[in-house]
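Accompanying notes for the structure given below.
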Amino acid sequence: MHLVPLDTTTEVRDRRASVAVLPVGSHEQHGAFLPLATDTVIACTIARAIADAHPVQLLPPLTITCSQEHAAWPGTVSISARTLFSVVRDIADSLRRSGVPNLVLVNGHGGNYVLSNIVQESDGMALFPGPRDWEDARTAAGIETSADSDMHAGELETSILLHAHPEVVRPGYEAGDHLADDRRHMLTLGLAPYTESGVVGRPSLASSRKGQDLLAGLVESFGQYLDVLGDPDRGGLDG
């Protein structure tokens, strides 16, 4: 499965998609057993699964975003929220000029708070997966750790990678659990005061089967976003 789209311009033209999908990842620490590109790989994996099931134009990912809370760990690289805002708006404007009026941001990094504001201020744009999409997918997959506790490099992220890209998961996740549910000052202090390893969650509970079910649940829920954006092939909300 190619994470980066390899379509030709003719193939994109013939597909005539009215919705483009942009994976938004990050380049930040994910403990000792998951790569810095974890959020990008996950966002691309979700976006590719969506593109395989729905009539959308798949875009290459944004790989460096807003990871300032992880700055204490080597390898983390960030851009500002204003830069991310501008890049996403520029991409949406470019798509409209080429005949694609709608853009869905498939976000793999929880720290990209500004994406919600971009969608809020824009026409023909959506942010996926939303909290309810994650909640439904987690329940269907049997994820045992709560969403609040499973914050970073935990059961959910490790499960998706064990299913879709097991070769990138290093040894050690089986003993990597660390919980820090009270992170009330993380925006001010960063993540480092709450975890030495960089992990917040229970990766020991991860499995390939859970990752497969998570992806299936997200792909199914994405159909509602096409309805909201009024995809002509689906007839809109009343179709």
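When only residues in the range 52-77 that are of a type in the set (Gly, Ala, Ser) and under 16 Å from Thr188 (Cα atoms) count, which is least open to solvent (accessible area, probe 1.4 Å)?
Of everything passing the filter in the range 52-77, Ser67 is least open to solvent (accessible area, probe 1.4 Å).
Here's the yes/no breakdown for (1) more than 30 Å from Ala192 (Cβ to Cβ); (2) modelled with pLDDT of 95 or more; (3) among the aliphatic types (A, V, I, L, M):
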residue: Val4; (1), (2), (3): yes, no, yes
residue: Thr8; (1), (2), (3): yes, yes, no
residue: Val24; (1), (2), (3): no, yes, yes
residue: Thr40; (1), (2), (3): no, yes, no
residue: Ala49; (1), (2), (3): yes, yes, yes
residue: Leu59; (1), (2), (3): yes, yes, yes
residue: Ala92; (1), (2), (3): yes, yes, yes
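Output the residue which, of all residues in the range 147-159 that are under 12 Å from Leu205 (Cα atoms) and not acidic (Asp, Glu), is surrounded by the most Cβ atoms within 10 Å (Cβ to Cβ).
In this case the residue turns out to be Thr158.
Which of the residues spanning the range 16-31 are touching a Phe, Trp or Tyr at 6+ places or on another chain (Cβ under 9 Å) and small (Gly, Ala, Ser)?
Within the range 16-31, just Gly31 meets the criteria.
Of all residues in the range 104-127, count the ones that are in contact (Cβ under 8 Å) with a residue 24 or more places away in the chain, surrounded by fewer than 21 Cβ atoms within 10 Å (Cβ to Cβ) and not aliphatic (A, V, I, L, M).
5
Pairs only if they're at least six apart or on different chains, beta carbon under 8 angstrom, first in the range 58-74 and farther than 12 Å from Tyr113 by Cβ and assigned to a loop (DSSP other than H, G, I, E, B), second open to solvent by 70 Å² or more (accessible area, probe 1.4 Å) and of a type outside the set (Lys, Arg); list them, first residue then second.
That search, which allows pairs on different chains as well, returns Pro60/Val4; Pro61/Val4.
Which is farther than 24 Å from Gly190 by Cβ, open to solvent by 20 Å² or more (accessible area, probe 1.4 Å) and at pLDDT 95 or above, of Pro101, Pro131?
Pro101
Residues Ile91, Ile46: which one is closer than 25 Å to Ala216 by Cα, touching a residue at least 60 places away in the same chain (Cβ under 8 Å), in a helix (DSSP H, G or I) and not basic (Lys, Arg)?
When all the criteria are applied, what remains is Ile46.
Sort out for me the helices (runs of 4 or more DSSP H) sitting completely within the range 132-239 that have 2 or more residues that are more than 18 Å from the chain's Cα centre (by Cα).
Counting at least 2 such residues, we get 186-189, 208-229.
The values are calculated or read from the model by the stated rules, or taken from the named source; none is laboratory data. These numbers come from a predicted model, not from an experiment. Every residue, glycine as well, gets a Cβ built from its backbone with ideal geometry; the counts of neighbours run over all protein chains shown. Quick note on the areas: whole protein, heavy atoms, side chains included, nothing else; ligands and nucleic acids left out. Shrake-Rupley method; radii C 1.70, N 1.55, O 1.52, S 1.80 Å.
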